[in-house]
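Undergrad: Below is a structure I'd like to ask you about.
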2 protein chains.
Amino acid sequence: MAKRESNVDRVYEALRRMAADFAFKPDQRINESALSEVLGASRTPLREALNRLVAEGFLTFQNNRGFFCRPLTPSYIMDLYEARVAVECEATRLACTRASDEDIAALADYLNRMEPEYQSATDPEALLAMDESFHARLAQLSGNSELQRILNNLNGRIRYIRLIDLKRLRDRARGKAPGDISAHRQIVEGIAARNAEAATAAMRSHIEKRREEATEAVRIAFSQLYVPDE
Amino acid sequence: MAKRESNVDRVYEALRRMAADFAFKPDQRINESALSEVLGASRTPLREALNRLVAEGFLTFQNNRGFFCRPLTPSYIMDLYEARVAVECEATRLACTRASDEDIAALADYLNRMEPEYQSATDPEALLAMDESFHARLAQLSGNSELQRILNNLNGRIRYIRLIDLKRLRDRARGKAPGDISAHRQIVEGIAARNAEAATAAMRSHIEKRREEATEAVRIAFSQLYVPDE
DNA sequence: GAATTCCAAACTGCATACAATTCTGACAAG
DNA sequence: CTTGTCAGAATTGTATGCAGTTTGGAATTC
């Protein structure tokens with residue numbers, strides 16, 4: 001009887017996904033009327049959802065001109081990766097002093113259970129889902145919900161680029177596992193040993209390795225976004 | 001002729017300030033009609049602004065029940081302080097390798113010029129403004145606008161507690177300067193020496209010293225918010 | 001041909017109206 | 001005294017309409 005989810009929430013979820021996937025091209029202007037028809041809602045709830053996404057950095061807004069997709073530039077993506085370093089390293093540090101042995105063991109266990117799938121999966125979407133899931137679980141060990149919240153936001157905006165990055169890893173190293181689970185394992189070992197320096201160093205180098213590919217990944221992103229096929 | 005600022009923006013700014021100052025009491029339900037009259041706008045732009053603030057963590061939202069002020073608990077405030085550590089330490093680290101000598105000198109200079117005012121000021125609002133300004137400038141030196149954005153958001157939500165904290169410092173140490181500018185100076189010196197370890201360590205201990213007071217500050221916050229006078 | 005002006009069409013900004021849901025408190029039953 | 005129920009009041013959810021602004025391109029000028 002009671003509607004569990006409002007129209008705004010539904011529209012918001014749909015838009016977040018679209019914005020994350022760059023269904024709106026970088027800097028593209030968004031037509032409210034057209035979009036409201038596609039989403040089956042009037043402009044009022046649509047605009048409420050759009051405003052949330054502006055506040056989260058997925059979209060931008062200009063007075064009397066409406067909503068636009070966020071830009072896509074190497075420096076923007078670098079900023080996001082650097083912010084991830086900030087958030088995830090601190091989360092790792094906190095996990096070292098705060099997480100229970102059981103919770104750490106559970107994360108290590110998760111890594112072990114996932115490994116076969118990790119090794120065999122070739123679908124970048126699946127790989128990314130597992131990767132994000134690991135990082136999210138780790139952030140949970142920090143016990144800090146703000147860090148988790150920020151990380152979730154950063155992940156949404158960086159997702160498209162990480163997907164490209166994973167695709168490249170797969171294509172470059174045929175036969176080798178694209179997801180370097182060893183880096184994840186190293187981080188968890190550091191936490192298990194309650195060695196904050198080792199754990200954060202591992203996390204930092206893990207993320208920064210990906211960051212270095214950002215410029216190239218952005219270039220590929222543009223070619224994908226503006227070329228009709230595949 | 002052209003309106004520079006939309007109604008939504010004006011309402012948003014007003015609401016952000018109100019939310020930061022806990023003009024809405026923690027967990028208090030917000031009445032849209034009443035608020036729209038106070039702010040001189042209809043519910044449509046009001047709700048758009050409210051949605052932005054939900055996305056930024058200043059407010060919460062429940063379906064069919066409307067908007068509520070964010071809660072105020074020690075653990076929530078601790079989380080915010082810890083997130084500040086994450087963001088500001090990484091910003092400091094980046095500043096060490098990235099900021100120009102001139103920019104670092106300018107920050108040191110700002111600190112010197114502010115010192116007399118810092119020492120003499122007793123108004124917590126003024127002290128906090130200077131403190132926030134220093135931290136914002138430092139974040140600028142990182143060259144990372146995401147870190148700046150996140151810091152700005154955290155500062156807004158933690159502001160009320162920091163204000164109380166400064167008031168306590170002033171009242172406890174009569175005659176002594178409440179703003180310990182020495183900590184700030186130490187951070188800048190670390191950056192000037194391009195010594196990331198020293199600079200981030202100074203930043204970390206600076207913020208964590210404040211964090212330790214959080215529980216007590218929250219207690220005071222509640223007594224202020226729910227007692228008529230003072 | 002390039003730059004400028006101007007107008008109609010398209011779009012955004014916002015108030016309002018009404019439907020849907022939740023809240024309040026009076027009353028009844030246990 | 002507590003719990004349950006129910007109708008009316010209050011509040012939120014969303015569609016719609018219109019005013020104000022921007023946009024795109026035809027007409028005009030240099």
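The values are calculated or read from the model by the stated rules, or taken from the named source; none is laboratory data. All figures in this text were calculated on a predicted structure; none of them were measured in a lab. Positions of Cβ are generated from backbone atoms using ideal geometry, with glycine treated the same way; all protein chains shown enter the neighbour counts. Ligands, DNA and RNA are excluded from the accessible area calculation, which covers all protein heavy atoms including side chains. Shrake-Rupley method; radii C 1.70, N 1.55, O 1.52, S 1.80 Å.
Undergrad: List the residues of segment A:60-100 whose accessible area drops by at least 50 Å² when all protein chains are present, compared with their chain alone, using a 1.4 Å probe and counting only protein heavy atoms.
TA: A:Asn63, A:Asp79, A:Glu82, A:Ala86, A:Glu90
Undergrad: Something else about it: How far, in whole Å, is the nearest Cβ of chain A from the axis relating it by rotation to chain B, and which residue carries it?
TA: Closest Cβ to the A-to-B rotation axis, residue and whole-Å distance: A:Ala55, 2.
Undergrad: Note down the net charge around B:Thr60, summing +1 for each Lys or Arg and -1 for each Asp or Glu among other residues with Cβ under 9 Å from its Cβ.
TA: 0
Undergrad: Same structure again: Applying 1/(1 + (r/R0)^6) with R0 = 22 Å to the Cβ-Cβ distance of A:Thr97 and B:Arg98, what FRET efficiency is obtained, to the nearest 0.05?
TA: Once the sixth-power term is evaluated, E becomes 0.15.
Undergrad: What is the count of Lys pairs in chain B whose alpha carbons sit under 22 Å apart, if the two are 8 or more places apart or on different chains?
TA: Count of close lysine pairs: 4.
Undergrad: Still on this model: What's the average, rounded to a whole number, of partner chain beta-carbon atoms within 10 Å of each residue's beta-carbon in B:39-46?
TA: 1
Undergrad: Using a 1.4 Å probe and counting only protein heavy atoms, how much accessible surface gets buried when A and B come together, both sides summed, in Å² to the nearest 100?
TA: Approximately 3000 Å², summed over both chains.
Undergrad: If I model a spin label as a point 7 Å beyond the Cα along the Cα-Cβ vector, how far apart are those points for B:Gln28 and B:Thr122 in nm?
TA: It is 3.0 nm.
Undergrad: Provide a whole-number value for the mean count of partner chain Cβ atoms within 10 Å of the Cβ atoms in peptide B:50-59.
TA: 5
Undergrad: For the protein assembly as shown, how big is the tail of P(r) above 27 Å, as a whole percent of Cα pairs?
TA: 60 percent
Undergrad: Take peptide B:7-17, look around each residue's Cβ out to 10 angstrom, count Cβ atoms belonging to other protein chains, and average those counts.
TA: 1
Undergrad: Just to confirm the numbers: B:Pro116, label point 7 angstrom along the Cα-Cβ line, distances to the other copies in nm, shortest first?
TA: Between copies, matching label points for B:Pro116 lie 7.5 nm apart.
Undergrad: Over chain B, what is the mean sequence separation of C-alpha contacts under 8 Å (at least six apart), divided by residue count, expressed as relative contact order in percent?
TA: Answer for chain B is 24 percent.
Undergrad: Another question about this same structure. For chain A, with a Gaussian network of springs between Cα atoms less than 10 Å apart, report the residue from A:Met203, A:Met130, A:Met114 with the top mean-square fluctuation.
TA: A:Met114
Undergrad: Ok, one more. Heavy-atom accessible area of A:Asp131 with all protein chains present, probe 1.4 Å, nearest 10 Å²?
TA: Result for A:Asp131: roughly 20 Å² accessible.
Undergrad: Looking only at B:Ala183, B:Ala214, B:Ala91, which one moves most when chain B is put into a Gaussian network model with springs between Cα atoms under 10 Å?
TA: Among B:Ala183, B:Ala214, B:Ala91, the largest GNM mean-square fluctuation belongs to B:Ala183.
Undergrad: To continue, here is another question. Considering only the label points, 7 Å along Cα→Cβ from Cα, what distances in nm to one decimal separate B:Ala136 from the same position in each other copy, shortest first?
TA: So the distances to the same position in the other copies read 3.4 nm.
Undergrad: Ignoring ligands, DNA and RNA, what percent of the accessible area of segment A:93-230 is carbon or sulfur (1.4 Å)?
TA: Carbon-and-sulfur percentage of accessible area, whole number: 50.
Undergrad: Of the candidates B:Thr92, B:Thr44, B:Thr73, which one comes out as most mobile in a Gaussian network treatment of chain B with C-alpha springs shorter than 10 Å?
TA: For chain B, modelled as a Gaussian network with Cα springs under 10 Å, the answer is B:Thr44.
Undergrad: Also, I was wondering about something else. Rg and Dmax in Å for segment B:7-69, alpha carbons only: what are they?
TA: Answer for segment B:7-69, Rg first and Dmax second: 10.3, 26 Å.
Undergrad: Right, another one. Using 7 Å Cα-to-Cβ label points, what is the A:Ala193/B:Asp109 separation (nm, one decimal)?
TA: Simple spin-label model gives 4.7 nm for this pair.
Undergrad: With a 1.4 Å probe and all protein chains left in place, how much accessible area per residue does chain A have, in Å²?
TA: 46 Å²
Undergrad: Note down the nm distance, to one decimal, between modelled labels 7 Å out along Cα→Cβ at A:Ala183 and at A:Thr73.
TA: It is 2.6 nm.
Undergrad: For B:Ala193, place a label point 7 Å from Cα along the Cα-to-Cβ direction in every copy; what are the distances to the other copies, in nm, shortest first?
TA: 2.9
Undergrad: Related question: Using only the alpha-carbon atoms of segment B:96-230, report the extent along each of the three principal axes, biggest first, to the nearest angstrom.
TA: Cα extents, longest axis first: 50, 33, 21 Å.
Undergrad: Quick one: Cα centre-to-centre distance for segment A:181-230 and segment A:106-153, in angstrom?
TA: What the calculation gives is 12 Å, centre to centre.
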